[in-house]
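J.: Structure in structure tokens, see below.
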């Protein structure tokens, strides 16, 4: 007996009832089941009760805003987050991506583009498996990255949550140690071409990864900046 492919499930967090209904109906046409809630409390209840593959998170919400909720999710999980906003301030987008969002769309938007963005994010999550010969784990300087579970373990044995972009960036560094990689190379590897690049995006992502690794930005030991060229991953032991 052949099992049916697992249905994709999306959690929509938006206080606009009309938009929630519109998105729910549209996503179902592309075999994406969805649940919709209007605030952070509803989001927490839904995530405690069900499994989701992606969170579609509005920036402007009553009570806790989308940035606070994005930070909360990313502190516990690597689930993909696609943020929506009616504001077009570049700082909102920068902060959202800095907190760990995987993509960012401004309202109003074409529902078909939203579906395409979701499919691209999920394809990367499912296809970006480890490509090293041992296939599962890479150790570096007492850290360990599990390429199957997409988990980072600290030297003290603690699990450090990674966003999908952070995981892809770290995996790229580990595949190309002690080699200078340009910002364009890292941006392609970490985010893919579905996201519009802007000057600070890869620098913000590197900064976030340094924080997760405890790498002092004033004198980094693991991820070094090569002025005018890009970044270099300089772990002593990788294997």
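J.: When you scan the range 43-146 for helices (runs of 4 or more DSSP H) that lie fully inside it, which ones turn up with 2 or more residues that are in contact with a helix residue (DSSP H, G or I) (Cβ under 9 Å, 6 or more places away or on another chain) and modelled with pLDDT under 80?
T.: On the way: elements: 66-74, 90-98, 111-127.
Of the helices (runs of 4 or more DSSP H) lying wholly inside the range 43-146, those with at least 2 residues that are in contact with a helix residue (DSSP H, G or I) (Cβ under 9 Å, 6 or more places away or on another chain) and modelled with pLDDT under 80 span 90-98, 111-127.
J.: Continuing with this model, one more query. How about the range 155-179: which of its residues are closer than 19 Å to residue 237 by Cα, touching a residue at least 12 places away in the same chain (Cβ under 8 Å) and assigned to a loop (DSSP other than H, G, I, E, B)?
T.: Correct list: 155, 176, 177, 178, 179.
J.: Let me ask something else about it. What about residue 45, is it surrounded by fewer than 20 Cβ atoms within 10 Å (Cβ to Cβ), closer than 22 Å to residue 97 by Cβ and without any contact (Cβ under 8 Å) to a residue 60 or more places away in the chain?
T.: Numbers: surrounded by fewer than 20 Cβ atoms within 10 Å (Cβ to Cβ): yes; closer than 22 Å to residue 97 by Cβ: no; without any contact (Cβ under 8 Å) to a residue 60 or more places away in the chain: yes.
So residue 45 fails the test.
J.: Same structure, new question: Do the conditions hold for residue 115, that is, is it in contact (Cβ under 8 Å) with a residue 40 or more places away in the chain and either more than 18 Å from the chain's Cα centre (by Cα) or farther than 26 Å from residue 212 by Cβ (or both)?
T.: On the way: in contact (Cβ under 8 Å) with a residue 40 or more places away in the chain: yes; either more than 18 Å from the chain's Cα centre (by Cα) or farther than 26 Å from residue 212 by Cβ (or both): yes.
Answer is yes for this residue.
J.: Of the conditions (1) modelled with pLDDT of 85 or more; (2) buried (at least 16 other Cβ atoms within 10 Å of the Cβ); (3) within 21 Å of residue 100 (Cβ to Cβ), residue 211 clears all except one; give me its number.
T.: For residue 211, the exception is condition (2).
For (1) surrounded by fewer than 16 Cβ atoms within 10 Å (Cβ to Cβ); (2) within 24 Å of residue 151 (Cβ to Cβ); (3) over 20 Å from the mean Cα position of the chain (by Cα), each residue gets a yes or a no:
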{"site": "24", "(1), (2), (3)": "no, no, yes"}
{"site": "32", "(1), (2), (3)": "no, no, no"}
{"site": "58", "(1), (2), (3)": "no, no, no"}
{"site": "69", "(1), (2), (3)": "no, yes, no"}
{"site": "103", "(1), (2), (3)": "no, yes, no"}
{"site": "119", "(1), (2), (3)": "yes, no, no"}
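J.: If you scan the range 28-42, which residues turn out to be part of a helix (DSSP H, G or I) and either closer than 17 Å to residue 95 by Cβ or modelled with pLDDT of 95 or more (or both)? Working first, answer last.
T.: Taking the range 28-42 first, the residues part of a helix (DSSP H, G or I) are 28, 40-42.
Listed by number, the residues that qualify are 40, 41, 42.
The values are calculated or read from the model by the stated rules, or taken from the named source; none is laboratory data. Just so we're clear, the structure is a prediction, and the values are computed from it rather than from any experiment. No Cβ is skipped: glycine too gets one built from the backbone with ideal geometry, and neighbour counts run over all protein chains shown.
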